[in-house]
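To start, the structure under review is shown below, and the notes come after it.
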Number of protein chains: 2
Amino acid sequence: MQGTPRARWLDAEQQRDWRAYLRASRLLETALDRDLQEHGVQLSEYEIISMLSEAPGRHLRMSALADLVVQSRSRLTHTANRLERRGWVERRPSAGDRRGIDLVLTAEGRRALEGMAPVHVESVRRNLLNHLSADEFHALGSAMRSIADGIRSQAPGHDVGKGTDAI
Amino acid sequence: MQGTPRARWLDAEQQRDWRAYLRASRLLETALDRDLQEHGVQLSEYEIISMLSEAPGRHLRMSALADLVVQSRSRLTHTANRLERRGWVERRPSAGDRRGIDLVLTAEGRRALEGMAPVHVESVRRNLLNHLSADEFHALGSAMRSIADGIRSQAPGHDVGKGTDAI
DNA sequence: GACATCTAGTTGAACTTTCAATCATTCTTC
DNA sequence: GAAGAATGATTGAAAGTTCAACTAGATGTC
């Protein structure tokens, strides 16, 4: 717990676990993406329309959506263009702030999502849920929540309090 | 537990945990990548030279390496070209099989890796390890190992036994 | 109320990844 | 031992992502 100035290497077990994480997270991403791609979308596109479908009024501001799906704004702009060309989303100026743009899920987008959702759920089960007990899966979720919170708490704009890491 | 033919949706808690996984895995990837990019490499490039450095003789066959880091062969070919241009790796015909190519870490590549390793370890600690207890982290590693095993056991080429999934 | 500063979103070029086609070699099997 | 199938790696074009620069509107400040 004493902060040593120099980076300590990981011990053998940590190293093994870290490698396991890295490898599995990629296998999983690849598998989920492949399954959705048979239906003509990428996972990252699916996420966008899925978030929109759950948002009140089926719309979200570009910046809020970008944060939610962890994509850069620029990437979201380009992806939204693709989705718009397919008729799945539309852009609308957001109420109140004239800089803002709302991305709205169209009826056609909703239908497309409804067609893909069962495929995707089945894929999540087959590639993830089926390999863990309910407890293991829930522990995975909690651990990942802690990680997300931890990372966000160091993000720029977050006031960390007193210098945890003075150069 | 009775296999219903139709996809069951996820229950609210599973959904929450799955979303947490997705979001955190992306925040983590982004954070680790950003930290390495300050030193001019992407995480996926770092992984390649790091695997090479640990391999006996500091070399691996392209196909073995591609599997190890979960990249397509084509992607690895392109990435290896970039690394080769920087003088960090070299290609050599592999012994025995004249179709094969070994990717070898150069002395310069090793030096570069040694320079970046502490940065990367610190980043893994800061973005991942520090947010979990030792037990939680180990459980995460185990869960991810199960997932990797589960996904690979369904991969094409793996004989699954009698038809688990008749059309 | 005008200045700088910050936030929201877009743009196009550069870069990376994917996709389908290709070439060479090895393995099968007949 | 020759034909066909499978494996290893590469190629170049298409598709997707990042990066830096930019426009427009909001916010803070003096």
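The values are calculated or read from the model by the stated rules, or taken from the named source; none is laboratory data. Just so you know, these numbers come straight off a predicted model, no measurement behind them. Positions of Cβ are backbone-derived with ideal geometry, glycine not excepted, and every protein chain shown enters the neighbour counts. SASA here: full protein model, heavy atoms, side chains in, ligands and nucleic acids out. Shrake-Rupley method; radii C 1.70, N 1.55, O 1.52, S 1.80 Å.
Of the residues A:GLU114, A:GLU136, ranked by 1.4 Å probe accessible area with the largest first, the sequence reads A:GLU114, A:GLU136. Surface calculation, 1.4 Å probe, protein heavy atoms: B:ASP149 sits at approximately 80 Å² accessible.
Counting, for every residue in A:26-39, the Cβ atoms of other protein chains within 10 Å of its Cβ and taking the mean gives 3.
Would you work out which of B:THR77, B:HIS39, B:SER123 lies farthest towards the positive end of the dipole of segment B:30-153, given +1 charges on the beta-carbon of Lys and Arg and -1 on that of Asp and Glu, about the Cα centre? The Cα lying farthest towards the positive end belongs to B:THR77. Calculated from the alpha-carbon coordinates, segment B:30-153 shows an Rg and a Dmax of 15.9, 48 Å respectively. By the helix-only formula, in which each DSSP H run with n ≥ 4 contributes -39500 (n - 2.57) and the sum is divided by residues, the protein assembly as shown has a 222 nm mean residue ellipticity of -20000 deg cm²/dmol. Other residues lying with their Cβ under 12 Å from the Cβ of B:SER94 contribute a combined charge of +3, Lys and Arg counting +1, Asp and Glu -1. Across segment B:89-98, computed HN-Hα scalar couplings (Karplus, 6.51 cos²θ - 1.76 cosθ + 1.60, θ = phi - 60°) run 9, 9, 9, 9, x, 7, 5, x, 10, 6 Hz from first to last residue, x flagging Gly and Pro. For the residues B:HIS138, B:HIS78, a 1.4 Å probe over the protein chains yields an accessible-area ranking, largest first, of B:HIS78, B:HIS138.
Annotation for A:ALA155 and A:ARG16: the two label points, set 7 Å from Cα along the Cα-Cβ direction, are 3.5 nm apart.
Find out how many positive minus negative residues lie around B:ALA24, taking Lys and Arg as positive, Asp and Glu as negative, among other residues whose Cβ is under 10 Å from that of B:ALA24. Around B:ALA24, the surrounding residues sum to +3.
Take B:THR106: with every protein chain present and a 1.4 Å probe, its accessible area is about 20 Å². Taken residue by residue and averaged, Cβ atoms of other chains lying within 10 Å of the Cβ of B:117-130 number 4.
Normalising the average separation of contacting C-alpha pairs (under 8 angstrom, six or more residues apart) by the number of residues puts the relative contact order of chain B at 19 percent.
For a paramagnetic label modelled on B:TRP9 (point 7 Å from Cα along Cα→Cβ), amide N atoms under 14 Å away belong, within segment A:27-66, to A:50-51, A:53-55.
Provide the buried accessible surface between chains A and B in square angstrom, both chains summed, 1.4 Å probe, rounded to the nearest 100. That pair of chains buries around 5900 Å² in total. Legend: mean number of C-beta atoms from other chains within 10 angstrom of residue C-beta atoms, peptide A:43-50, equals 1. Each copy carries B:GLY40; placing its label point 7 Å along the C-beta direction from Cα gives inter-copy distances of 4.5 nm, listed from smallest up. Only the Cβ atoms of Lys and Arg (+1) and of Asp and Glu (-1) were treated as charged; on that basis the dipole of segment A:25-154 about its Cα centre amounts to roughly 560 debye. With R₀ fixed at 22 Å, the C-beta to C-beta distance from B:ARG75 to A:THR77 puts the FRET efficiency at about 0.30.
If I fit a long axis through the Cα atoms of helix B:134-154 and take the longest principal axis of the Cα atoms of chain B, what angle between them do I get, 0 to 90°, rounded to 10? With rounding to tens, the tilt is 90 degrees. Distances from A:PRO56 to itself in the other copies, using label points 7 Å out along the Cα-Cβ axis, amount to 6.3 nm in increasing order.
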